[in-house]
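Bear in mind that the values in this text are calculations on the coordinates, not laboratory data. Here the structure is a predicted model, which is why all the values come from computation and not from measurement. Here Cβ is always computed from backbone atoms with ideal geometry, including for glycine, and neighbour counts include all displayed protein chains.
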Amino acid sequence: MTGHRVTMLGTGLIGLFYTMTLHGQRSRDRVHVVYSRTEERGRAFAGDWDIPVWTTDLEQAIANPETDTVVIGLPNDLHEQAVALCAQHGKAVLCTKPLARNAVEAKRMLDTVERAGIFAGYLEDLVYTPKTLKSIQAVRAGQIGHVTWARSRETHPGPHSAWFWDATKAGGGAIVDLGCHCIELQRNYMGKDNRPVEAFCWADTLVHPIEAEDNAIALVRFESGAVGQFEVSWTFRGGMDLRDEVAGTEGTIWTNHSLRTGFEMFSTGESGGYVAEKAETSAGWLFPVGDEVAEFGYVDMFTEMFNAMDEGREPTETFYDGYVVNCIMDACYRSATAGSWHAIEIGDWRGAGAKRIAPRGRTYDGKTVIKEEKMPDGRLKMILKNPSSGEFSDVVVNA
């Protein structure tokens, strides 16, 4: 099967990761045109990756008749313009996270691609890490029962490019940059038909002299009653910390994507070699990532996107998903300002809905069993509740 010819918009770190992926594992999809905002970087990037065409003209890059797909790896304030040009020229579009700076902008982008009838995918790579894909599969198979709580943490010493630090260009700080990952991970665990209804968020600027927040913690309550929690920071020292936890009525899942993953190395730092994204040092005990484009989800993400395109179906992550994420982040910002819970306003909700998690329990001697556990001597201890009086008691019986 022949592959796709791609226009890559952006020559920063994300454009590098995307190009490494496309020219790597799947390999039949190739970047044919690269756009950069500077001639120097465009020419160098094209030379490094054997890309035939480079340009500093955005529309020229998108309109190139030899490419069928555009990958957006640009600053957040340029996403909407690039998507509009993709629609105008009938090109399939894959946009990096976050989809937009806010929900209003995201909705316009969603409407644009749907009116144009073009393929549109949301490049949320952390949904596609091998550990996450297996975890989502286990959750959907019912292996941990009903999901009650999910926690996602992404922290590091701060972004790599200047525009991230500009709240106007980025649309915010650590929430927009990192919280978008956490939120979409939680939506996959909760089920995308499970409507997010309200958010409570704390955000502050603790270290950097910027207008945007460099730390935030939020709770997102879903229709089922389950709660998502995210922790994000641009001031965490020690590299990048990516961890997720999912708790259910029948089990728990923990994943760790970057620190303490079983790959540790000591170095004097003499060589100064590359360790991993956002690593702060090349000396001492280090935590390399084996294959970043695979372990951070890029390989499976692009494989699924192009397979969906070839098969004429929607990808797992769509522009609609990106729009919902922006709606949740908007509520987090409102909550952080007001210091109270805020409703999540999704003007175009398309989910089927979710049932509220119902308390459950069997009965013993006419009382409801709240909890049971094995004692060291092999007997069974039960915590009971009297349904009439509401009184709690415990009983120990032979197992």
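Given the C-alpha centroids of the range 1-57 and the range 101-172, what is the distance between them in whole angstrom?
23 Å
Distance from the Cα centre of the range 366-399 to that of the range 261-308, in angstrom?
Spelled out, the Cα-based centre of one part sits 49 Å from the other.
With a 10 Å Cβ neighbour count serving as the proxy for reagent exposure, in which order, fewest first, do Lys107, Lys134 appear?
Fewest to most other Cβ atoms nearby, the residues stand as Lys134, Lys107.
Nearest 5 percent is fine: what portion of the DSSP beta bridges confined to the chain is antiparallel?
The antiparallel fraction comes to roughly 65 percent.
Would the chain count as rounded, prolate or oblate if I go by the C-alpha gyration tensor, calling it rounded below 1.5 in a/c and otherwise prolate when a/b exceeds b/c, oblate otherwise?
Details: a/c = 1.97, a/b = 1.69, b/c = 1.17.
Verdict is prolate for the chain.
In the structure shown, do any of Lys107/Lys192; Lys134/Lys169; Lys97/Lys355; Lys134/Lys355; Lys131/Lys192 have a Cα-Cα gap over 26 Å, and if so which? Provide the component values of the computation, followed by the final result.
Details: Lys107/Lys192 18 Å; Lys134/Lys169 35 Å; Lys97/Lys355 30 Å; Lys134/Lys355 24 Å; Lys131/Lys192 19 Å.
Too far apart for the 26 Å limit: Lys134/Lys169; Lys97/Lys355.
Below 13 angstrom from the Cβ of Pro157, what's the summed charge of the other residues (Lys, Arg +1; Asp, Glu -1)?
-4
Which one of His160, His146, His181 has the biggest mean-square fluctuation once the chain is modelled by GNM with Cα springs under 10 Å?
Largest GNM mean-square fluctuation: His160.
Sequence gap at least 6, Cα distance under 8 Å: using those rules, report the relative contact order of the range 127-343 to the nearest whole percent.
RCO, the range 127-343: 26 percent.
Which of rounded, prolate, oblate describes the range 127-343, given a ≥ b ≥ c as roots of the alpha-carbon gyration tensor eigenvalues and a/c under 1.5 marking rounded, otherwise prolate only if a/b is larger than b/c? Please list the in-between numbers first.
On the way: a/c = 1.56, a/b = 1.15, b/c = 1.35.
Oblate shape, in that a/c is at least 1.5 and b/c is the bigger or equal ratio.
Under a Cβ-Cβ cut-off of 14 Å, what is the net charge of the residues other than Gly366 that fall near it, where Lys and Arg count +1 and Asp and Glu count -1?
With Lys, Arg at +1 and Asp, Glu at -1, the net is +1.
Among Glu40, Glu264, Glu372, whose mean-square fluctuation peaks in a Gaussian network model of the chain (Cα, cutoff 10 Å)?
Glu372
Please report the relative contact order for the chain, taking Cα pairs under 8 Å with a sequence separation of at least 6, and give it as a percent rounded to a whole number.
Relative contact order for the chain comes out at 16 percent.
Which of the lysines could a cross-linker span from Lys385 if the Cα-Cα distance has to be under 24 Å and same-chain partners fewer than 8 positions apart are dropped?
Those lysines meeting the cut-off are Lys367, Lys371, Lys374.
Would you mind computing, in nm to one decimal, how far apart the modelled labels at Glu59 and Gln137 are, each placed 7 Å from Cα along Cα→Cβ?
4.6 nm
Please state the shape class of the range 251-399: rounded when a/c is under 1.5, otherwise prolate if a/b exceeds b/c and oblate if not, all from the C-alpha gyration tensor.
Oblate.
Relative to the present Cα-Cα distance, how much length would full extension add between Trp349 and Glu198 at 0.36 nm per residue of separation? Could you put the intermediate results ahead of the total?
Details: separation 151, 0.36 × 151 = 54.36 nm, distance 1.41 nm.
Value of the extension gain: 53.0 nm.
Among Leu78, Leu85, which comes first, then next, by fewest other beta-carbon atoms within 10 Å? Working shown, then result.
Working: Leu78 16, Leu85 19.
With the sparsest Cβ surroundings first, the list reads Leu78, Leu85.
Among all cysteines in the chain, which have no other cysteine Cβ under 4.7 Å from their own Cβ?
Cys86, Cys95, Cys180, Cys182, Cys327
May I ask you to derive the relative contact order of the range 5-125, considering only C-alpha pairs under 8 Å and at least 6 residues apart, and to give it as an integer percent? Could the numbers behind the result be given before it?
On the way: 219 pairs, mean separation 27.5, N = 121.
Once divided by the residue count of the range 5-125, the mean separation gives 23 percent.
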